[in-house]
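Each remark here refers to the structure printed beneath this line.
The values are calculated or read from the model by the stated rules, or taken from the named source; none is laboratory data. Quantities reported herein were computed from a predicted structural model and do not represent experimental measurements. Cβ: placed from backbone, ideal geometry, glycine included. Neighbour counts: every protein chain shown.
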Amino acid sequence: MDSKALCSFSSTLQVYNIGFTTHTGTVAAADEWDSPGQRKTVRKSMPGSYENLFHRAELPEFALNLRDAKRELHEALEGPMLERAIGVIYRPRTERQSHYFYSQLPEQFDAMIHVDHTIAVQPLEPGHPSWEEEHIAKEDVAETYPFGV
């Protein structure tokens, strides 16, 4: 986008709320507040969720302009449907209770970006111990670990 377009864009809009969704992949998140960030595997999206609906479109990524969308798109996404929120905390084991809520996407966002398979951001500090191997959240470790009984 050239600087003229950027300037005219920013002067016409005061706020533009953009949401992001994913079906699966990895994210950088912690088990709890004030604990170190880790690379975590995102569980596949739940049936009945916006993320699962977008996954079924079978596109690796896409963006939807919900602010200027036609009525048919608004009606198709009206909901309420489940939406997953992954932030600085991600708890795969309790994902349904911890991260899903009912929403109406067209009422919540002006645009939606869906990336079907995400890849976690990498830390700037090289050799960070929690990034050397794929991390398994402590809540996902079997209760019999390390004995496997």
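So the values come out like this:
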| quantity | calculated |
| --- | --- |
| Matching helices (runs of 4 or more DSSP H) fully within the range 49-132 where at least 2 residues are touching a helix residue (DSSP H, G or I) at 6+ places or on another chain (Cβ under 7 Å) | 105-108 |
| Pairs where the first residue, in the range 22-49, is within 18 Å of Arg93 (Cβ to Cβ) and the second is of a type in the set (Asp, Glu), C-beta under 6 Å, 6+ apart | Arg43/Glu95; Ser45/Glu51 |
| Per-region count, the range 56-113, residues small (Gly, Ala, Ser) and under 14 Å from Thr22 (Cα atoms) | 4 |
| Residue list for the range 54-92, filter: farther than 22 Å from Ile119 by Cβ and under 16 Å from the mean Cα position of the chain (by Cα) | Met81, Leu82 |
| Qualifying residue in the range 55-68 (condition: farther than 28 Å from Gln122 by Cα, touching a His at 6+ places or on another chain (Cβ under 9 Å) and at pLDDT below 95) | yes |
